[in-house]
1. Could you tell me whether segment 188-197 includes any residue that is among the charged types (D, E, K, R), exposed (fewer than 13 other Cβ atoms within 10 Å of the Cβ), at pLDDT below 80 and not in a helix (DSSP H, G or I)?
2. For residues in segment 18-75 being under 30 Å from Ser159 (Cα atoms) and of a type in the set (Gly, Ala, Ser), which is surrounded by the most Cβ atoms within 10 Å (Cβ to Cβ)?
3. Select from segment 120-136 the residues that are within 12 Å of Trp56 (Cα to Cα) and not polar (S, T, N, Q) and list them in ascending order.
4. Restricting attention to segment 43-59, and to residues there that are of a type in the set (Ser, Thr, Tyr) and under 24 Å from the mean Cα position of the chain (by Cα), which single residue is farthest from Leu137 (Cα to Cα)?
5. Can you name every one of the helices (runs of 4 or more DSSP H) wholly within segment 40-136 that holds 3 or more residues which are farther than 26 Å from Glu169 by Cα and modelled with pLDDT of 90 or more?
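The values are calculated or read from the model by the stated rules, or taken from the named source; none is laboratory data. Bear in mind that the values here come from a model prediction, so they are computed numbers and not experimental data. Heads up, the Cβs are rebuilt from the backbone with ideal geometry, glycines too, and the neighbour counts pull from every protein chain shown.
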Amino acid sequence: MKVHAWAEKIDRIVFKIMYGFSLAAAVALILIAVLATVDSLGTAIFSQSVPNGTDWVTYLNIPVVFLSMGFIQVERGNTVVDLLSNKFPKAVQKGIKIFGYALGAFLCAFLCKCEFSLMMDKLNSATRSSSAGNAFLVWPFAAIIAIGYLTVAVAFLWSVFREIWIAPERRMGALPVQEAALPPQVAEAAKNGKEEE
């Protein structure tokens with residue numbers, strides 16, 4: 001496969017953007033752990049819980065899931081049933097992957113549009129997390145779901161281009177490839193690529 005330096009540069013940029021979203025998901029996960037701990041200790045020791053602590057923990061799970069999905073796609077890729085797909089010729093395997101990525105991009109873009117409409121409904125109606133007086137607005141969390149679907153759609157779309165322009169061993173986040181299993185030209189290109197970086 002021909003080396004496309006421009007595609008590899010874009011691959012690094014897409015990878016870093018998705019990694020940034022996954023870091024935001026990690027921050028939300030840390031906040032969940034801190035809130036749950038403080039809420040439990042406050043209830044046990046001081047008989048006072050964090051205001052809306054359960055709601056915050058519930059809603060913070062949204063960024064944990066939806067902001068990490070794009071990174072998971074570009075870092076590891078979606079699940080492939082190797083037992084079946086390895087029986088097909090290489091060109092058919094590639095065609096199935098490209099079709100699957102394109103379908104995933106379309107579905108996630110559609111879900112993003114639907115979630116954006118739901119977010120606008122929550123924004124216009126000022127929907128809150130509960131009926132409590134100190135409940136918070138939930139539309140930002142609906143926006144996070146829409147952003148999450150958008151990042152996955154972009155990740156799937158970029159995966160289509162990766163299949164065409166970037167060899168698996170040169171992709172950002174690609175799993176290590178055994179050099180012995182590669183043809184000599186590809187192994188040499190992979191080795192040269194590692195030395196350049």
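1. Yes: one or more hits.
2. Residue satisfying both the conditions and the ranking: Gly70.
3. Residues satisfying the conditions are Arg128, Ala135, Phe136.
4. First pass over segment 43-59, keeping only residues of a type in the set (Ser, Thr, Tyr): 43, 47, 49, 54, 58-59.
Adding the requirement that they be under 24 Å from the mean Cα position of the chain (by Cα) leaves 58-59.
Working: Thr58: 13, Tyr59: 11 Å.
It comes out as Thr58.
5. Details: elements: 53-66, 69-75, 82-85, 90-125.
In segment 40-136, the matching helices (runs of 4 or more DSSP H) lie at 53-66, 90-125.
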